[in-house]
Amino acid sequence: MVSVEKTGLNAFKSPKFWLYLIVCLAPLIIVNRVSDLPIWIGNGEAKAREILNFQLPTDNFYPIGKALMLLPFVWLTPKFFPVIVFYFLLSAVIYYFICELIPNRTFRYICLAALPANPYLIWLCYSSQDTVFELFLLLLLTFSALANKHLIFITAGFLLCLTRPSYWVIFFGLAFFLLVKGKRNKVLNSLPVTSNKCVFQFICLWIFFPCWRKWHHGFLFLQ
């Protein structure tokens, strides 16, 4: 049996876990050193301050998800790089937990390498307006689904859709998947390795989705 909770608790005691976070953070630090692009997540600062002042946002061009994620960090203005580091490290932590659920060691290591070995995704996390928020919320949505944490699942899914409305289909699709799965197995906190191969295939699909999506967009951009 593979326990989601035990996976998370055991990871903090492992030197490999901390080494993995350093490996993930290193490319982001390098990008910050060499890039002359501005950090665009600061575009949500004005809307975040309006929310802090209990005012309705005057700009409705972008959803408010980015502003809500930026809300605790508006005091950092105009240097928002620590915000990117914070959410990217949290994404790496959740990503590590999800990968630890994969029983095949070789495939698990390949999945773990997919995050730090994706320069385009890391570059977008640094320079895009909402990619780092999107990555964090997508991985949190997946992990909370696996851990059967319904409140976190709903919160992460709602914020994800407020950040990028195109995720409504994925949010409802994943919720439907969990509903159907719950009918067959009421104990979602532990996942049998042998009898739930489809679940692990689903995990692998989700953890590769953010990386594949960003590579795909980069390919289209180059064309």
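Here, each number is a calculation from the coordinates, and none is a lab measurement. Every value quoted in this text rests on a predicted model; they were computed, and no experiment measured them. Ideal geometry is used to build each Cβ from the backbone, glycine not excepted, and the neighbour counts take in all protein chains shown.
Could you sort the peptides 152-158, 77-83 by per-residue average Cβ neighbour count (10 Å cutoff), highest mean leading?
Working: 152-158: 18.3, 77-83: 13.6.
Highest to lowest by the protection proxy: 152-158, 77-83.
What order do you get for Leu179, Leu21 when you list them from fewest to most C-beta neighbours inside 10 Å? Mind showing how you got there, number by number?
Working: Leu179 9, Leu21 16.
The fewest-first ordering by Cβ neighbours comes to Leu179, Leu21.
Measuring from a point 7 Å past the Cα of Ser35 along Cα-to-C-beta, which residues in region 110-137 have an amide N at less than 20 Å?
114-137
Pop out the ³J(HN,Hα) list for region 64-75 in order, Karplus 6.51 cos²θ - 1.76 cosθ + 1.60 with θ = phi - 60°, rounded to Hz; leave Gly and Pro as x.
Each residue of region 64-75 in turn: 8, x, 4, 5, 5, 5, 8, 3, x, 10, 5, 5 Hz.
Set the Förster distance to 25 Å, then compute FRET efficiency between Leu179 and Leu71 from the Cβ-Cβ distance, nearest 0.05.
Here the calculated transfer efficiency is 0.20.
For region 7-142, what is the convex hull (Cα atoms) projected area averaged across all directions, in square nanometres?
Projected over every direction and averaged, the Cα hull of region 7-142 covers 9.2 nm².
In whole Hz, what ³J(HN,Hα) sequence does region 103-109 give by Karplus (6.51, -1.76, 1.60; θ = phi - 60°), x for Gly and Pro?
Using θ = phi - 60°, the values come out as x, 6, 5, 4, 5, 5, 5 Hz.
Once fully extended, how much extra length lies between Ile22 and Asn53, figured as 0.36 nm per residue of separation less the alpha-carbon to alpha-carbon distance?
Additional length available on full extension: 7.4 nm.
Using Cβ contacts closer than 10 Å as the measure, can you line up Asp130, Asp36, Asp59 from fewest to most?
Asp36, Asp59, Asp130
For a protection proxy built on the mean count of beta-carbon atoms within 10 angstrom, sort 94-100, 172-178 highest first, please.
94-100, 172-178
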